[in-house]
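Participant: Sharing a structure here in structure tokens format.
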Amino acid sequence: MGYEVIAATNGETAIEMTATEQPALVLLDIMFPQSPDGFEICRRIREFSDVPIIMLTAKAKESDKLRGFDVGADDYLTKPFSAKELVARIRAVLRRTRQPEQMTTTPLTCGELDINFARRTVKRSGTEVSLTRTEYSLLRQLALNPNRVMLHGDLLSAVWGQEYRDDIDYLRAYVHYLRMKLEEDPANPRYIITSPGVGYMLACPDAE
């Protein structure tokens with residue numbers, strides 16, 4: 001398919017090669033023959049890089065997928081899968097991470113949240129909140145449409161790509177992560193509001 005591929009046979013080598021070779025994308029199997037496993041490798045890569053990561057695994061449990069997203073994976077492909085499906089996912093992730101953002105320079109104040117689109121920063125009560133690339137992209141999409149319910153499919157298409165518009169699990173997982181970082185009481189959210197069966201809204205009393 002025209003991609004140049006380099007391979008690592010163990011976790012430590014994978015981490016080192018990601019740092020030195022700076023690949024455009026990492027395909028990361030969860031099951032390595034020795035420690036660390038894929039989850040730990042992904043977590044350690046995220047300490048120094050925002051390279052797109054697709055996790056590959058035979059584990060199909062939702063809890064495993066959520067764990068993969070939690071440590072910073074951009075996508076999750078369950079075995080068995082075809083070469084065609086893998087290439088499609090690679091293209092979709094690369095396209096999503098490379099596409100230029102719509103230029104928006106006017107900051108948004110939403111209660112205790114301050115979102116600076118130009119600097120890609122988010123603060124809560126004056127303290128900067130560290131968000132992953134996908135978390136920020138989702139929050140940004142909601143913040144561009146304050147006090148408006150965004151449909152599940154529209155959010156998935158805008159943040160992950162058209163191919164993902166039916167993958168509600170992705171959206172639920174990242175809404176959960178955002179609430180954990182932005183809400184005082186994630187179980188009773190003040191900002192990221194669910195419209196059951198429809199979508200999500202960023203509630204901003206200060207926005208029109």
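Participant: Between GLN162 and THR9, what FRET efficiency follows from the Cβ-Cβ distance if R0 is 35 Å, with the result rounded to 0.05? Numbers along the way, then the final one.
Facilitator: Values: r = 35 Å, r/R0 = 1.01.
FRET efficiency, GLN162 to THR9: 0.50.
Participant: Contact order normalised by length for the chain, with contacts defined as Cα pairs under 8 Å and 6 or more residues apart; what percent is it?
Facilitator: Taking the mean separation of contacting Cα pairs over the length of the chain, I get 15 percent.
Participant: Set the Förster radius R0 to 22 Å, insert the Cβ-Cβ distance between THR127 and MET180 as r into 1/(1 + (r/R0)^6), and round the FRET efficiency to 0.05. All intermediate terms of the calculation are to be shown ahead of the outcome.
Facilitator: Details: r = 15 Å, r/R0 = 0.68.
With a Förster radius of 22 Å, E is 0.90.
Participant: With unit charges on the beta carbon (Lys/Arg positive, Asp/Glu negative), name the residue among SER35, VAL93, GLY153 whose Cα is farthest towards the positive pole of the charge dipole of the chain.
Facilitator: GLY153
Participant: On to the next question. For helix 168-182, what angle does its Cα long axis make with the longest principal axis of the chain, in degrees from 0 to 90 and rounded to 10?
Facilitator: Here the helix axis deviates by roughly 60 degrees.
Participant: Further, regarding this structure: Rounded to the nearest 10 degrees, what's the angle between the helix 11-21 long axis and the longest principal axis of the chain, both from Cα atoms, 0 to 90?
Facilitator: The two axes meet at around 70 degrees.
Participant: Compute the distance in nm between two label points, each set 7 Å from the Cα along the Cα-to-Cβ direction, one at ARG119 and one at ASP29.
Facilitator: Inter-label distance under the simple model: 4.4 nm.
Participant: Now for a different question. Residue separation times 0.36 nm, minus the C-alpha to C-alpha distance between ALA58 and VAL87: what's the value?
Facilitator: So the extension gain works out to 8.7 nm.
Participant: Okay, next question. Return one number: the angle in degrees, 0 to 90 and rounded to the nearest 10, between the long axis of the Cα atoms of helix 83-98 and the longest principal axis of the Cα atoms of the chain.
Facilitator: On a 0 to 90 degree scale, this one is about 40.
Participant: May I pose another question? Treating only the Cα positions of the stretch 11-98 as identical point scatterers, give the base-10 log of I(q)/I(0) from the Debye formula at each q in 0.15, 0.22 Å⁻¹.
Facilitator: Here log10 of I(q) over I(0) equals -0.52, -1.14.
Participant: Grab the Cα-Cα distance for MET1 and MET17, subtract it from 0.36 nm times how many residues apart they are, and report the gain in nm with one decimal.
Facilitator: Additional length available on full extension: 3.6 nm.
Participant: Extending each Cα 7 Å along its Cβ direction at THR106 and ARG148, get the distance between those two points in nm, one decimal.
Facilitator: 1.2 nm
Participant: Any idea what the dipole of the chain comes to, in debye rounded to 20, about its Cα centre with Lys/Arg Cβ at +1 and Asp/Glu Cβ at -1?
Facilitator: Using only the charged Cβ atoms, the result is roughly 320 debye.
Participant: In sequence order, what are the phi-derived ³J(HN,Hα) couplings for the stretch 130-144 according to the Karplus relation 6.51 cos²θ - 1.76 cosθ + 1.60 with θ = phi - 60°, rounded to whole Hz, with x for glycine and proline?
Facilitator: Karplus values, whole Hz, x for Gly and Pro: 7, 10, 6, 4, 5, 4, 5, 4, 5, 4, 4, 5, 5, 6, 6.
Participant: Now, a different point. Where does the Debye-calculated log10 I(q)/I(0) of the stretch 92-208 sit at q = 0.13, 0.19 Å⁻¹, using only Cα point scatterers of equal weight, no solvent?
Facilitator: After summing over all Cα pairs, the log10 values are -0.46, -1.04.
Participant: How large is the Kirkwood hydrodynamic radius of the chain, counting all unique pairs of alpha carbons, in Å?
Facilitator: 18.1 Å
Participant: While we're looking at this one, here's another question. Kindly work out what percent of the DSSP beta bridges joining two residues of the chain are antiparallel, to the nearest 5.
Facilitator: 65 percent
Participant: If you place +1 on the Cβ of every Lys and Arg and -1 on the Cβ of every Asp and Glu, how big does the dipole about the Cα centre of the stretch 93-208 come out, in debye to the nearest 20?
Facilitator: Using Cβ point charges on Lys, Arg, Asp and Glu, the stretch 93-208 gives about 380 debye.
Participant: What ranking do HIS176, HIS152 get, fewest neighbouring Cβ atoms within 10 angstrom at the top?
Facilitator: Starting with the residue having the fewest Cβ neighbours, the order is HIS176, HIS152.
Every number in this text was worked out from the coordinates using simple rules, so none of it is lab data. All values derive from a computational prediction rather than experimental measurement. Positions of Cβ are generated from backbone atoms using ideal geometry, with glycine treated the same way; all protein chains shown enter the neighbour counts.
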